[in-house]
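Enquirer: Following this message is one structure expressed as structure tokens.
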Amino acid sequence: MKFSVWFCLFAAMVLAACQTVQTTEGGVVGVERRQTMSSLISASQIDRSAAQAYGQVVSEAGKKNQLNRDSAQVERVRGVANRLIPSTAAFRADAPRWNWEVNVITSPEVNAWCMPGGKIAVYSGLLTKLDPTDEELAAVMGHEIAHALREHGRERASEQVAQQLGVSVLSVALGLGDLGAQLTQTLLDVTLSLPHSRTHETEADRIGVELAARSGYDPRAAVSLWQKMGKLGGSKPPEWMSTHPSDQTRTRDLQNYSERVAPLYEAARRR
């Protein structure tokens with residue numbers, strides 16, 4: 001069969017396996033981009049894979065005595081999470097009922113993440129090196145929770161599956177057999193390793209400030225947080241080479257959207 005025929009077959013397979021969805025309500029910040037998801041990967045599949053991956057991370061940290069070693073840190077992080085979680089209903093009615101888990105991992109990394117389904121980890125390095133206020137910690141956690149609300153992990157997995165379909169079709173055409181990676185490994189990769197796109201980061205920033213504001217945390221703390229991040233040092237690539245917005249772009253956007261959700265913060269303070 002000619003290569004062009006195989007290519008057409010591949011294109012038809014990818015199109016047939018895709019669907020456009022709206023994962024969240026737009027909120028005051030107006031995140032309304034419709035996302036393309038593979039019908040081969042359901043949200044429940046992603047959640048199961050994330051739970052498995054999270055369990056592996058937590059188990060490994062426990063074996064190394066790196067899990068929840070500082071009770072004060074754990075209490076603080078879980079306290080912030082408990083205030084943020086009810087506010088997720090503004091974007092997804094089902095989210096407050098997710099099986100949320102929150103743990104602190106002892107590591108020098110300045111890092112935090114939230115897997116699909118509400119599986120959160122905060123690294124102690126973020127707490128010790130940034131010395132965030134509760135408002136700044138809420139900005140970090142709100143940002144990571146936003147990735148889960150928007151199902152960015154599923155969206156990236158869908159992209160990976162499309163690429164794997166291409167490899168599979170071309171492999172058959174060349175008589176090389178199936179060289180595509182296993183779906184399970186793809187799901188683990190997108191929840192643990194692969195970086196988010198600039199679009200995903202911007203959406204998470206904007207939803208994150210609204211979650212913080214609705215939870216009674218000053219959304220403008222997101223600006224001071226990223227200013228602290230910028231002071232940590234290290235060379236960074238120019239914005240056009242990076243998957244993340246530049247510090248200047250990110251700060252301007254956060255300032256704009258923090259002011260937009262400020263009335264939500266004032267209303268939450270009065271409750």
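Enquirer: Identify all aspartates and glutamates with a Cα-Cα distance to Lys231 below 18 Å; exclude those on the same chain that are fewer than 8 residues away in sequence.
Expert: Straight-line reach from Lys231, under 18 Å: Glu109, Asp131, Glu136, Glu239, Asp247.
Enquirer: Send over the Kirkwood Rh of region 115-156, from the inverse of the averaged 1/r over different Cα pairs, rounded to one decimal Å.
Expert: The answer is 11.1 Å.
Enquirer: D for region 21-73, whole µm²/s, Stokes-Einstein with Kirkwood Rh over alpha-carbon pairs at 37 °C and 0.692 mPa s: what number?
Expert: It comes out at roughly 228 µm²/s.
Enquirer: Set the Förster distance to 25 Å, then compute FRET efficiency between Val21 and Glu266 from the Cβ-Cβ distance, nearest 0.05.
Expert: Computed FRET efficiency for Val21 and Glu266 comes out at 0.15.
Enquirer: Mind checking the dipole of region 10-94: about its Cα centre, +1 per Lys or Arg Cβ, -1 per Asp or Glu Cβ, Debye to the nearest 20? Show your work: numbers first, answer last.
Expert: Working: 10 positive and 7 negative charges, 47 e Å.
Taking the Cα centre of region 10-94 as origin, the dipole is about 220 debye.
Enquirer: With a point put 7 Å past each Cα toward its Cβ, work out how far Glu109 is from Glu32 in nm, to one decimal.
Expert: 3.7 nm
Enquirer: For region 72-137, what does the convex hull of the Cα positions come to per residue, in cubic angstrom?
Expert: 82 Å³
Enquirer: Taking 0.36 nm per intervening residue step and subtracting the Cα-Cα distance, what contour gain separates Lys228 from Arg48 on full extension?
Expert: Separation in residues times 0.36 nm, less the Cα-Cα distance, equals 61.3 nm.
Enquirer: Compute the length gained on full extension between Asn99 and Arg252: take 0.36 nm times their separation in residues and subtract their Cα-Cα distance, giving the result in nm to one decimal.
Expert: Working: separation 153, 0.36 × 153 = 55.08 nm, distance 3.44 nm.
The span from Asn99 to Arg252 would gain 51.6 nm if fully extended.
No lab work stands behind these numbers, since they all come straight from the coordinates. Note that the coordinates shown come from a computational prediction; the quantities given were computed from them, not determined experimentally. All Cβ positions, even for glycine, are placed from backbone atoms using ideal geometry, and neighbour counts span all protein chains on display.
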